[in-house]
Amino acid sequence: MDSVDWHEVTRGKKIVRASDSSLCGNAIAEFRDNIVILEHGANFRKYIIPKSKVERYDGSDIYLNIPRSMLSRFDF
């Protein structure tokens, strides 16, 4: 994941998906070794996810290596 241009990812508010392919939200910022995700919907929840939890970036979407059910552990 060292080759990812995180500035491009956050500026473009790229979609973030969990390992089960469910939608998590959009990458809105980078903070140290983490990305900040904003989940839209009834609740505007924010998550701070370590970059180590990112499995891949295909140029369009960010894919995490954790399931959607674990996302709440990173809520802030």
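None of the figures in this text is laboratory data; all of them are computed from the coordinates on show. Keep in mind that this is a model prediction, so the values were computed, not measured. Methodologically, a virtual Cβ is constructed for each residue, glycine included, from the backbone with ideal geometry; neighbour enumeration extends over all protein chains shown.
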Could you give the size of the charge dipole of the range 6-69 about its Cα centre, using +1 on the Cβ of each K and R and -1 on the Cβ of each D and E, expressed in debye and rounded to the nearest 20?
160 debye
Dipole-positive endmost among PHE74, GLY59, LEU23 within the chain (Cβ charges, Cα centre)
PHE74
Taking 35 Å as R0, compute the FRET efficiency from the Cβ-Cβ separation of HIS7 and SER69 and round it to 0.05.
0.70
Could you list ILE35, ILE28 in order of exposure, starting from the residue whose Cβ has the fewest other Cβ atoms within 10 Å?
ILE28, ILE35
For LYS53, the aspartates and glutamates lying under 12 Å Cα to Cα, once residues fewer than eight places off in the same chain are dropped, come out as ASP33
Each residue of the range 10-19 in turn: what ³J(HN,Hα) in whole Hz from Karplus with 6.51, -1.76, 1.60 and θ = phi - 60°, glycine and Pro shown as x?
6, 5, x, 6, 4, 6, 10, 10, 7, 5
Treating only the Cα positions of the range 6-69 as identical point scatterers, give the base-10 log of I(q)/I(0) from the Debye formula at each q in 0.21, 0.24, 0.27 Å⁻¹.
-0.75, -1.01, -1.28
